Structure formats: C-alpha cells, structure tokens
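Worksheet: one structure, shown below.
The values are calculated or read from the model by the stated rules, or taken from the named source; none is laboratory data. This one's a predicted model, so the numbers in the text were calculated from it and none came from an experiment. So basically every Cβ, Gly included, is an ideal-geometry build from the backbone, and we count neighbours across all protein chains shown. For accessibility, only protein heavy atoms count, side chains too; no ligands or nucleic acids. Shrake-Rupley method; radii C 1.70, N 1.55, O 1.52, S 1.80 Å.
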Amino acid sequence: MEITSTYPTPSPGLKGLLDRITGVGATPAELLLQFVPPLIAMVAAPVYALTLPIEWTTWQLGLIAIFGFDLVGGILTNATSTAKAWYHRKGQGWQQHLAFVSFHLVHILLVALFFRGGDWGFFLSASIYLLAASVTILRSSLYLQRPVALGLYILALLGDCYLFPSIPGLEWFLPLFFLKILVSHLLQETPYR
C-alpha cells in the first residue's frame, strides 16, 4: 500500500469531465463502486416511492431518481482515495469546498419546493445548518475533523428525526445528503493506493 501524493492532470474532453468527478486516475474497482450502486439507487428510489399510496408527478419521480443517483454516488465517490486526492489537492482550499457545498443548496431547495410544498423553514434551517456545519469542519484542526464531522452529522440526523416531518418515499434524503457533504466530501484524508 502506498500514499498517493501526485495529482495527474485531467484528460481532455469527456474523459476529463469524468476525471473531475471521480478523481483523476480512478481505478476500475473505484469506478465500479462509484457507478453501479448509484445506478441501482436511481432505479430503486422511485420504484420504492411508487409502492406508497402517493400521487407522484413525473417531476417528483425524476428528482427522486436523480437524488438517489447523486447522493449514493457522491457518498461513495467522495470516499475513494482517488477522489480524496483530487478534491483535496494543492490549491483546493476552504473556498472551493464551500463552493461545492453551496452548489448543493439546490438539492434542499428542490425538496422544499417539490416535496414539502414550498416549506421555506425547512429550506432555511437545512441550508443554514449545512453551511455552518461545513465551515465548522473546515476550520477544525485536521486531527479533529472526523469526530467534529461525525458529531455534526449526528445532530443533522436528530434534526431530521425530530424537527421536520418525514417525507414518505424520501425519508432517506437528509441522512444521505448530510453524509455525502459533511462526512464523505469535506474530510481530508490520506489518499492510499
């Protein structure tokens, strides 16, 4: 086992886009983990939703599929050594990580609008918590980042359980969302190969 300390340049074209998402030089095993479970989640999430006695719109089922793919894929991708090396390479500071986190506020907005009937309290609470927790993790000493992130993730789970009524068919959204961002993406780890 070795520690990866070099960060190759992404390939040109579509391969380069894949490199920027999965990490440059992802192994076949990493790619398998990054794409097979998310594809399964993309199918399973709306299929599960359809088993419930709810009148889903096509938009809602499409979003459920996208969320399933993105969240499962994001958790697994951001946990790989290759993605860790790429997303935490030299030049990637707190600004780049907060930009990544801020982009994901769109997820919370879509849930508030399409699944919670325009619940602005949910949107503001989840968004403010996400940003505050992310800043706290990024400002923590490296040796404390993991326990801080896990503690903040526990609070997110408790908030999801006790502050907001669950959305049938989308109960998994906030737990997976916060796992992706707070625990999988933000933690800087040694990228073993």
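Some notes on this structure:
- Farthest positive-ward along region 1-155 dipole, Cα basis, beta-carbon charges - from 96, 57, 71: 96
- Taking the 1.4 Å solvent-accessible surface of the chain as the whole, the part contributed by carbon and sulfur is 71%.
- Take the chain with all the other protein chains still there, run a 1.4 Å probe, and you get 54 Å² of accessible area per residue.
- The chain: relative contact order as a whole-number percent, Cα under 8 Å and 6+ apart: 31 percent
- Compared with the alpha-carbon gap, the fully stretched path from residue 35 to residue 136 is longer by 33.3 nm at 0.36 nm per residue.
- Mean residue ellipticity (222 nm) of the chain, computed from DSSP H runs ≥ 4 via -39,500 (n - 2.57), nearest 500: -21500 deg cm²/dmol
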